Amino acid sequence: MKIAITGGTGFVGKALTEELLEHNHELFILTRNPDKYENRTGITYVKWLSDNAHPKRELEGVEAFINLAGESINSGRWTDERKKRIINSRITSTQEIISIMKGLDKKPACLINASAIGYYPSSKTNTYTEESTDTSNDFLGETVQIWEKEASKAAELGIRVAYTRFGIILGEKEGALPRIALPYKMFAGGTVGSGKQWMSWIHIQDVARAIHFVANSEDIKGPVNITAPTPVTMKEFGKTLGSVLNRPHWIPVPPFALKIAMGEMSTLVLEGQKVLPGVLSQHGFPFLYPTLQKALKNIY
């Protein structure tokens, strides 16, 4: 299959690229600076979102678009200016993808668009699946709702659209886990906040496999929760992490300290949602790492 990827050089994009190459797909990775990357068998780097970029020429015949592009929400405080960049980067890239698809003689079969479980409100008591209608009205919730609405316009072209709502993605060197694990490695780990907030997590390898699975499943469209089937509370997460690292779980991190250090972004760890992968489970997706202990043991 010919597959175009935006955000292909990021945390999820790199894992997805390796997953798709293993299955002999032909990849077209859209980037502002294609000259930065060395040629690899199976990958063509395509210039886009910059002067003299004509991606349509190279993307005719692409069967699936996977949109992971957007400024990271984890790389700094959410100032007003940064919030604008986070939203605008997602809207601009999605609008450009739809523009490209409109110009193709043969339309792709699907658009797999990234999203996040922040779509759902924070709750210590509710359990959310793709059928849940409650939506969050905080910054992250509003961002992903705007993003999904923009991506939905591809359906007007007769293209199947799926929104992959990512949970907390676990990997050794990128994402949230390295920062969560650092205090444990320094023998200073402990419960973050109340410890009762839910953490709906997933191993990076299962993220890549799930996106591939959705791209290949013609009957999957709309929201798809990309989370492991066994969410845990933050206290359980910390205890499991400490056990896997052979480190104590003993020094609590009070909410006010995180709010001072991280500002509004502290909601990512102080609040949470219990989210289940209903669509993936219904379609028989085989998780490699269904439990937290198995995922962390693989990573460490």
Select from segment 162-215 the residues that are surrounded by fewer than 21 Cβ atoms within 10 Å (Cβ to Cβ) and touching a Ser or Thr at 6+ places or on another chain (Cβ under 7 Å) and list them in ascending order. G195, K196
Take the residues in segment 72-110 that are within 17 Å of Q145 (Cβ to Cβ) and free of Cβ contacts under 8 Å to residues at least 40 places away in the same chain, then tell me which one is farthest from the chain's Cα centre (by Cα). K84
For residues in segment 70-116 being among the β-branched types (V, I, T) and touching a helix residue (DSSP H, G or I) at 6+ places or on another chain (Cβ under 7 Å), which is nearest to V161 (Cα to Cα)? I112
Which numbered condition K124 misses (of (1) touching a Ser or Thr at 6+ places or on another chain (Cβ under 9 Å); (2) assigned to a loop (DSSP other than H, G, I, E, B); (3) within 23 Å of E148 (Cα to Cα)): (3)
Would you mind listing the strands (runs of 3 or more DSSP E) fully within segment 1-108 where at least 3 residues are β-branched (V, I, T), surrounded by 15 or more Cβ atoms within 10 Å (Cβ to Cβ) and in contact with a strand residue (DSSP E or B) (Cβ under 9 Å, 6 or more places away or on another chain)? 2-6, 43-47
For segment 188-209, indicate whether the set of residues that are over 18 Å from T125 (Cα atoms), without any contact (Cβ under 8 Å) to a residue 12 or more places away in the chain and either in a loop (DSSP other than H, G, I, E, B) or of a type outside the set (G, A, S) (or both) is non-empty. no
Quick check on I220: is it closer than 16 Å to Y163 by Cβ, out of contact with any Lys or Arg (no Cβ under 7 Å at 6 or more places or on another chain), outside any loop (DSSP other than H, G, I, E, B) and at pLDDT 95 or above? no
Does segment 249-258 include one or more residues that are modelled with pLDDT under 95 and small (G, A, S)? yes
Hey, any hits in segment 233-246 for a residue that's in contact (Cβ under 8 Å) with a residue 60 or more places away in the chain, part of a loop (DSSP other than H, G, I, E, B), surrounded by fewer than 24 Cβ atoms within 10 Å (Cβ to Cβ) and not aliphatic (A, V, I, L, M)? no
Out of (1) surrounded by 13 or more Cβ atoms within 10 Å (Cβ to Cβ); (2) out of contact with any Pro (no Cβ under 7 Å at 6 or more places or on another chain); (3) small (G, A, S); (4) within 30 Å of E131 (Cβ to Cβ), the odd one out for G284 is which? (1)
Filter segment 44-71 down to the residues that are under 21 Å from the mean Cα position of the chain (by Cα) and not acidic (D, E) and list them by number. A64, F65, I66, N67, L68, A69, G70
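The values are calculated or read from the model by the stated rules, or taken from the named source; none is laboratory data. Note that this is a predicted model, so its numbers are computed, not measured. Please note: Cβ atoms are built from the backbone with ideal geometry, for glycine as well, and neighbour counts cover all protein chains shown.
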